[in-house]
Structures are given as C-alpha cells and as structure tokens.
Amino acid sequence: MGRAALSTRAAALRARTPFRDRPAAAEPAPKAARPAAPARESRRERKAAERRAKAEARERDRDRDRRSGKDERRPLPLPLRLLAMLIAFGFMVAFAVVLARLTLEPSPASESLIHTNLHPGRSLEAYLNQPELRDAVKQIGGNILLGVPFGVLVPVVAPRTRGVLRVALLTATVMLLVEVAQGALVTGRAFDIDDVILNTSGALIGYLLLGRRMSRAVHARKRRPARQTA
C-alpha cells in the first residue's frame, strides 16, 4: 500500500474519533457549604440578661455584707427601740419647756431695747459689732445651741423627719412660729429672722453630728429584697 493510501486512511480514522485525543474537561469543584448565620439576640433579651446580671451582683454583695457583719440596716430589738424612743420623748418635752421659758417668758425691762428684724444678717452684724466678744459669742452661740437638741431628738422620736432638708424645714417652721409668738404676744420680745437662721443651723449641726446616727440605730430599716427580673 502506498504512502498516499496510508495518509488517507489515517485521516479518516482521526475524523471518526475527533474527541479521543482531547483531554477530558475538568468537572467543577463542589462549592463549600456556607456556615449558618449565628442567631441574633433581640434587644429585649439583652436587656433582660443585663438586669439579671445586675440583680445577681447585688444579691452577692448583700450576702457578702451579711457574712462580714457590715449590714447596718438591721434594727434594734423592739424593747430597746421603745426604750430609746421613750427617753428621747422625755428629753424632747424637757427641751420644749426650756425653749418656752427662754423665748416666751415676758421681759418688760427689755421692751425699750428690742426691735423687730426682718432682714437676714442685720442682727448678726449687730452681735459681731459689740465691743465685748463674750457678748457676741453668747448671743450667736446661745441661739445655735438652742437648736441642737431639736436636730438630735426629733429624728429619733419621728423617724420620717430624718434627712437634712426635712430637719431644716421642720426646725425653721417651729422656730418661725416661736418668733411670731414672741413678737405678737410676749412683752419685751420681738421677731428676729436671724434667730430662726441660727436655731436652724444648730439643729442641722446636731443632726449631722449625732441625730442621724441615733435615728438610724433606732429606726434602721431592713434591706428590701431584690426584684426578680424576667
């Protein structure tokens, strides 16, 4: 067989098998599975979790304070509380009697020397301008000391009056009524707004130094249980 015939036959064979010599197409790789999206907490659930965490932290703090003896809100036994209130009430009555004698007793000899003062600070300036320092200390210190028992005893007798603002308002009201009675009804006495200011200052000093501690010891409140959150 000649070369021409061989070439023709080879060409025919190649035509019959066109894909034999071609490489197989690579199959596409499977796509990797995507991870599932994490579940998102709602805003309400996050707030509820925060409230629970805070409540648990407060409860742990209370337990720690109780174990270490730092729980100061434990009240005294009832008999001791009643005894303390009775003693404070007795001192309060005695103080009221002394206050009435010092402020509401007539003084005819001083009628020509007294004058009504409605301007805060005017009498204080007059006290400080006195030639004798002893007289100034007597006038100012006496009015301050007159209010100290009020700030010490009233929060013990009436625990609802505990607090700087409440003590100040109550003392100022009582002393204002006393001064009005002096100026309107008592001979030789006059209304003086500076006396009200000094008496109220003395009550605040007594409350901050002693009255607040005594009231907490007698009328201390127990801790409220923590609110359970959903």
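The values are calculated or read from the model by the stated rules, or taken from the named source; none is laboratory data. None of these values were measured; they are calculated from a predicted model. Neighbour counts are summed over all protein chains in view; Cβ atoms, including those assigned to glycine, are modelled from backbone coordinates with ideal geometry. Each accessible area value is taken on the protein alone, full model and side chains, heavy atoms only, with ligands, DNA and RNA left out. Shrake-Rupley method; radii C 1.70, N 1.55, O 1.52, S 1.80 Å.
Our summary gives the range 72-187 a relative contact order of 40 percent, counting only alpha carbon pairs under 8 angstrom and 6 or more residues apart.
Straightening the chain between residue 176 and residue 83 buys 30.4 nm, computed as 0.36 nm per residue apart minus the Cα-Cα spacing. Distance between the modelled labels on residue 48 and residue 94, one decimal in nanometres: 6.1 nm (7 Å Cα→Cβ projection). For residue 210, the solvent-accessible surface with a 1.4 Å probe is about 90 Å², rounded to the nearest 10.
Under a 5 Å amide H cut-off, with hydrogens placed 1.01 Å from N, residue 117 pairs with 191, 192, 193 among residues at least 5 apart or on other chains. Here's how it looks for residue 187: its modeled amide H is under 5 Å from those of 107, which are all 5 or more places away or on a different chain.
Accessible area per residue for the range 98-188, computed on protein heavy atoms with a 1.4 Å probe, is 63 Å². Among 164, 156, 148, 137, the order of accessible area from largest down is 137, 164, 148, 156, computed with a 1.4 Å probe on protein heavy atoms.
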